[in-house]
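I have placed the structure first, in the form of structure tokens, so that the comments after it can refer back to it.
The values are calculated or read from the model by the stated rules, or taken from the named source; none is laboratory data. What you are looking at is a predicted structure, and each value in this text was computed from that prediction instead of being measured. We place every Cβ from the backbone using ideal geometry, glycine too, and count neighbours over all the protein chains shown.
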Amino acid sequence: MDILFTGLLLGGTYALIAMGLNLQYGMARIMNLANGEFLVAGGFAAFWFFTAAGVSPLLTVFVVAPLAFAANWLIYVVFLRPLVRRAKSHGQLEVDAILTTFGLAFVLVGLKLAFFGGDYFSYSYLARPVTFIGETYALNRVVAFVAAVIICGGLWLWLNTTRAGISIRAIAVAPDSARLVGINVTRLSALAFALGGAVTAVGGALVSTFLTLDASTGVLFTLKALIIVIMGGVGDVRGTIVAALMLGILETFVATVFDPGLTLAAAYLLFVLILLFRPQGLFGRRQA
Amino acid sequence: MKRRTLFALTTAAAIALGAPLAAQETLKIGAVGPKTGPLAGGAAVTFWPNVQLWANDVNAGGGIDVGGTKYMVEIIEYDDQTNPGETIKAVQRLATQDEADFILAPYGTGLNIASAPIFERYGYPMVTHTAISDQIEDLSGKFPNMYFLLGGATGLAGGVVDVLNQMRDAGEIGNTVAMVNVADAFGIELAEVARPQFAEAGFEIVYDTSYPLGTQDLSPVINGAKDSNPDAFVAWSYPPDTFALTEQAQIAGLAPKAFYTAVATAFPAYAGRFGAAAEGVLGAGGVFADGEAFKEYAARHEEVTGAKPDFWASAPAYASFQILQQAIEGAGTLDKAAVAEYIGANSFETVIGTVDWDENNSNAEYWTVGQWQGGVFKGVASTGREGAVPAVPKSGWE
């Protein structure tokens, strides 16, 4: 029981880290290597508001989300839309996007260093125990988990019930056909990309309540998110959630029952197994 | 593409701190360290502010006196991205292209060891401030111009064993120790040298595990340690996990009378984050916190850089620059070989007190364990420094 709940909490953290990238890679078709930088920026905003003015990170997210949305919209329109326009194939877009966002990641790290310095963003928020069926859990992790449930649930509903959401899913499945049925691919791709950035930054603000970040930790989160998105299946919200929870429970199980030193090995073993037996990811579609 | 981006960034970093006083005679001093990458957070507390402070102090004091001529110092900075390959390239570039007169030792054990051969090849004296290793004898044999200020792994672990021993003799703790380490060079080496020392001192290690660097949830580690119900908890940890282990221990209610975490426990951010709960936490390092020399240094550090120094390697970092400065003045020349020789042949008065070299060019007297007491991280054990205060048992997290 303890393993299950601790694992679920960790899985919720992973879902927060990965959900934004899934929107950007799965829906907007941009492999954004600068994704983690927005997570760190969100974490920094939470840290700064909390230490300077005592504002709860749970309120900061309402400032962070629109800012990150606007910044990512701009990035998409200025840097990435030209790439989408000139790309002759999906493969070419992928390569171009990786190179561009890789460079962008360096620029963002440099900017963060210049503005915030290289020190750790370390603060204590809701670091209190909560007891549930005889075991104690950290309140800040529980809060982040609840937020992850709300964000993922909201995204799922939005993608499945609204016109814009369904259109975005259509783009994820078949960008060329989507255009034929009158979907504004350019505009909705930008929307999906910007939304992904906002979700990532909000996730960053939430995880910064229990993880210690600094200006250059972004790439670690990009990598973790990438693994989860690929395990779950590119372009599927359910896949990312299931993969994140699986990873969280597996790591906690291995750390508790066997040895904490084996968690990385177990995580990568799971990754390799999924790639071997379902190369398109748990919920992914085979490329037509 | 990648290379060009990296190059542009390092160049930008290099010109960030340009020459403040170009009209006079200047010495070019190279500084290489992480501004990005895993060690950037530590370097931003311990290394870079001291580079700034030292340059400021030297220039405000009229410069370095070399045989009657005063030289201002100009710092040339490079970001090595916590990548040993980049450290080597940056040192090489400083030696050949920038023609730096002297180069400050880099930050961190691995990066120092990686670049030692390059310092040696170009003849630069290398006074390390943040290199902890038990290979000091081997290293100083290979690289005669390499000096060590922060001590060795055996001494650092031995300090912890001594402190726990004293607490046990005083009847404050019992016999059992839970020990965890980060699965990285520092953590593995410390855990390896600590195990036999604990056994020899008659301690029983009831929980012993490692966790990967960058682990996002350390609650299984803390829960495992708690289930073993130890009298003392010892973690050979790095900065992000030092914070995470402490927070998780609070949440899980792991509250032994002796709680030790390694790197970053001495950072001001540690007390800033945990407040009163930090009281009684033991950690790597320590300083003579009540000594006038440290107080005066800490005040100047805060005034010039806007940040507080840490209570471990900050002062030794500054001291290593002082040693270089005193050696240049003492030798009265800019000849690197003569300066290196002067360093080895003399002892130095620095912010951490007198520095004497042992047979391995290592500072024989260094701090090993400190403890948060009354909001200050005070040295409680050292290999001969004065000013240690007795360690007190920790009473919970409240």
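Summary of values
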| item | result |
| --- | --- |
| Residue, surrounded by the fewest Cβ atoms within 10 Å (Cβ to Cβ), within segment A:236-267, restricted to residues that are among the hydroxyl-bearing types (S, T, Y) and more than 17 Å from A:L16 (Cβ to Cβ) | A:T256 |
| Residue within segment B:50-64 that is within 14 Å of another protein chain (Cβ to nearest Cβ) and at pLDDT below 95 present | no |
| Some residue of segment A:4-12 being farther than 22 Å from A:A190 by Cβ, away from chain B (no Cβ under 12 Å), in contact with a Leu (Cβ under 9 Å, 6 or more places away or on another chain) and touching a residue at least 12 places away in the same chain (Cβ under 8 Å) | no |
| Qualifying residue in segment B:307-325 (condition: within 14 Å of another protein chain (Cβ to nearest Cβ), more than 30 Å from B:G396 (Cβ to Cβ) and modelled with pLDDT under 95) | yes |
| Test: residue in segment A:126-145 that is within 18 Å of A:A28 (Cβ to Cβ) and more than 21 Å from the chain's Cα centre (by Cα) | no |
| Count of segment A:239-260 residues which are assigned to a helix (DSSP H, G or I) and within 14 Å of chain B (Cβ to nearest Cβ) | 15 |
| Hits in segment A:139-150 (condition: crowded, with 21+ Cβ neighbours inside 10 Å, at the interface with chain B (Cβ under 10 Å from one of its Cβ atoms) and farther than 16 Å from A:L4 by Cβ) | A:N140 |
| Sole residue being more than 9 Å from every other protein chain (Cβ to nearest Cβ) and either polar (S, T, N, Q) or surrounded by fewer than 18 Cβ atoms within 10 Å (Cβ to Cβ) (or both), chosen from A:T136, A:T101 | A:T101 |
| Sole residue being over 30 Å from B:I76 (Cα atoms) and either surrounded by fewer than 23 Cβ atoms within 10 Å (Cβ to Cβ) or free of Cβ contacts under 8 Å to residues at least 40 places away in the same chain (or both), chosen from B:E120, B:E189, B:E99 | B:E189 |
| All positions within segment B:193-220 that are within 7 Å of chain A (Cβ to nearest Cβ) and of a type outside the set (V, I, T) | B:S210, B:Y211, B:P212, B:G214, B:Q216, B:D217, B:S219, B:P220 |
| Looking only at segment B:293-314, and only at residues there that are part of a helix (DSSP H, G or I) and closer than 20 Å to B:T383 by Cα, the one that is nearest to the chain's Cα centre (by Cα) | B:S314 |
| Among the candidates B:T350, B:T368, B:T305, B:T333, residue that is closer than 21 Å to B:D134 by Cα, in contact with a helix residue (DSSP H, G or I) (Cβ under 8 Å, 6 or more places away or on another chain) and β-branched (V, I, T) | B:T368 |
| Which listed residue is at pLDDT 95 or above and either among the aliphatic types (A, V, I, L, M) or in a loop (DSSP other than H, G, I, E, B) (or both), from B:A235, B:A276, B:A244 | B:A235 |
